[in-house]
Amino acid sequence: MTKLRIAIFVAVISVAAAATYYALPRTSATIKVRIFHAAGLSPLLDQIRDRCRLEARLSIQTEASGSQEACRKLTELGRDCDLICLADNGLVTGLLNGHCRWRIDFATDRLVLAVGKLAKNVAAAEQDWPAALVQPNVRLARVDENLAPIGYCTLLAWKLQETDGSPGLCDRLVQKCDVVVDDVSKLPPLLKSGQVDYAIMYSSTAIAHSIRSIELSPQVNLGQRDRDYGAASVTFRKLSVDSSKRVTVRGKPIVWTLSIPDRNAQPEPARRLIRFLLIDARLAMADNGLAPLSPPVFYGPRDDFGPFTDVALYGGLLTQ
């Protein structure tokens, strides 16, 4: 897409947003919208909660967890929501197959090495983080790969680093991890309290929680949409009623996505919330470390694309 087309797109959606909200009656009551979302999105949703109520007349009821857990609430636990937001766009065709028939990719992210308040070997980690992390006195934490994408993204980053001169790194760091938590929101308190020294997390999480971080190379950080990270893969348990099933995930860029479930959702309020997120919350996304896609991209049947033609581009059928 050329810069001119992007500029025109941004101008069009800005006008559309103004028309949408100015048309809302100032006395209209708020509508509750239920969101299952990846825990890494909590700071953004908390920041826009009041604006969303005042400007879009929506009261967002948020429920954070790992992305896989958010999917299981729909697919296995029989619970309902109006909108689901995930940290891995591949989960829509994977875990949500038969429950969501489209998705909108709206932001990218990247991995960083988060540094704890009392972290050891920080100067060494800034120069050579793999060598610093394997030292005996260093305490590590990570997220369970069975529960949240940041968990398997951490393993993928370690695997990718192995090809850059650190053989066996992933297994060594997995064995060294002192703490394994449910989702990314559990990492900041551990780092800030000094209970652990380092953890891999999203850049957005580090920024939102004011945590010092060390950049990882583009070959490792899963942060470039045009880069092939498929040289690394990890296999883990797919948490479900059949706990013996295992899945393999290959490395790919981190892309945040959202969808409205096919059943028992309120489509009109959910679409209004999507418009608010994609248009009015773009600056808030950037403030929280996310990189908004310009424009967001819709994947799914063309018949479902109609309500989003002025806020997203059509990317094709939902195939990945």
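For the residue pair residue 192 and residue 174, what label-to-label distance in nm results when each label sits 7 Å from Cα along the Cα-to-beta-carbon direction?
3.1 nm
May I ask which of 32/192; 159/245; 186/252; 73/186; 73/245; 73/117 have a Cα-Cα span longer than 27 Å here?
Working: 32/192 34 Å; 159/245 22 Å; 186/252 24 Å; 73/186 20 Å; 73/245 18 Å; 73/117 35 Å.
In this structure, 32/192; 73/117 lie more than 27 Å apart at Cα.
For every other residue with a beta carbon closer than 12 angstrom to the beta carbon of residue 64, add +1 if it is Lys or Arg and -1 if Asp or Glu, then tell me the sum. Don't skip to the answer; put the middle values down first.
On the way: positive: 73, 186; negative: 46, 63, 69, 182, 183.
Result for the neighbourhood of residue 64: -3.
In percent, how large is the relative contact order of region 111-236, given Cα pairs closer than 8 Å and 6 or more residues apart? Before the final figure, lay out each step's value.
On the way: 211 pairs, mean separation 53.2, N = 126.
42 percent.
With the contact rule set at Cα under 8 Å and sequence spacing of 6 or more, what percent relative contact order holds for region 167-320? All intermediate terms of the calculation are to be shown ahead of the outcome.
Numbers: 125 pairs, mean separation 22.8, N = 154.
Reported relative contact order: 15 percent.
Using a cut-off of under 14 Å, list every residue of region 261-303 whose amide N is near the label point 7 Å from the Cα of residue 99 along the Cα-to-beta-carbon line.
Of the residues in region 261-303, 261-265 have backbone N under 14 Å from the label point off residue 99.
In degrees from 0 to 90, rounded to the nearest 10, what is the angle of the helix 149-162 Cα long axis to the longest principal axis of the chain?
The two axes meet at around 40 degrees.
With unit charges on the beta carbon (Lys/Arg positive, Asp/Glu negative), name the residue among 108, 58, 83 whose Cα is farthest towards the positive pole of the charge dipole of the chain.
58
List residues of region 253-272, by number, whose backbone nitrogen lies under 20 Å from a label position 7 Å along Cα→C-beta of residue 80.
Hits in region 253-272 for residue 80 at 20 Å: 259-272.
Between (i) 32, 56, 12, 0; (ii) 30, 52, 17, 0; (iii) 34, 59, 7, which entry matches P(r) over Cα pairs in 20 Å bins from 0, in percent as derived from the coordinates of this structure?
(i)
Taking the beta-carbon count within 10 Å as an exposure proxy, list 76, 69 from fewest neighbours to most. Intermediate results must be reported in sequence, preceding the final value.
Values: 76 12, 69 21.
By the 10 Å Cβ count, ascending, the order reads 76, 69.
Using +1 at the C-beta of Lys and Arg and -1 at the C-beta of Asp and Glu, which of 230, 194, 158 has the Cα lying farthest in the positive direction of the dipole of region 111-236?
After comparing all options, I get 194.
Applying a 10 Å radius around every beta-carbon, put 286-292, 82-88 in order of their mean neighbour count, most first.
Working: 286-292: 19.4, 82-88: 26.0.
Ranked from most to least packed, the peptides come out as 82-88, 286-292.
Would you work out the charge dipole size for region 156-226 about its Cα centre, treating the Cβ of every Lys and Arg as +1 and the Cβ of every Asp and Glu as -1, and quote it to the nearest 20 debye? Please report the intermediate quantities before stating the final value.
Numbers: 7 positive and 9 negative charges, 32 e Å.
Computed about the Cα centre, the dipole is about 160 debye.
Estimate the FRET efficiency between residue 304 and residue 118 by the formula 1/(1 + (r/R0)^6), using the beta-carbon distance for r and 41 Å for R0, to the nearest 0.05.
Details: r = 50 Å, r/R0 = 1.22.
The computed FRET efficiency comes out at 0.25.
Kindly put 209, 99 in sequence by how many other C-beta atoms sit within 10 Å of each C-beta, fewest to most.
Values: 209 19, 99 15.
Exposure proxy ranking, most exposed first: 99, 209.
Can you tell me the convex hull volume per residue for region 111-236, based on C-alpha atoms, in Å³ to the nearest whole number? Can you show the working numbers first?
Values: hull volume 12.2 nm³, N = 126.
Normalising the Cα hull of region 111-236 by residue number yields 96 Å³.
If one takes the longest principal axis of the Cα atoms in the chain, at what angle in degrees, from 0 to 90 and to the nearest 10, does the Cα axis of helix 42-56 lie?
The helix 42-56 is inclined about 10 degrees to the chain.
I need 310, 46, 144 ordered by Cβ neighbour count within 10 Å, fewest first. Intermediate results must be reported in sequence, preceding the final value.
Values: 310 17, 46 14, 144 20.
In order of increasing Cβ crowding within 10 Å: 46, 310, 144.
Measure nothing but the geometry: give the 0 to 90° angle between the long axis through the Cα atoms of 3-22 and the longest principal axis through the Cα atoms of the chain, rounded to 10°.
60 degrees
Where a number appears in this text, it was derived from the coordinates with a stated rule and is not lab data. Quick caveat, the model's predicted, so the values are computed rather than measured. So basically every Cβ, Gly included, is an ideal-geometry build from the backbone, and we count neighbours across all protein chains shown.
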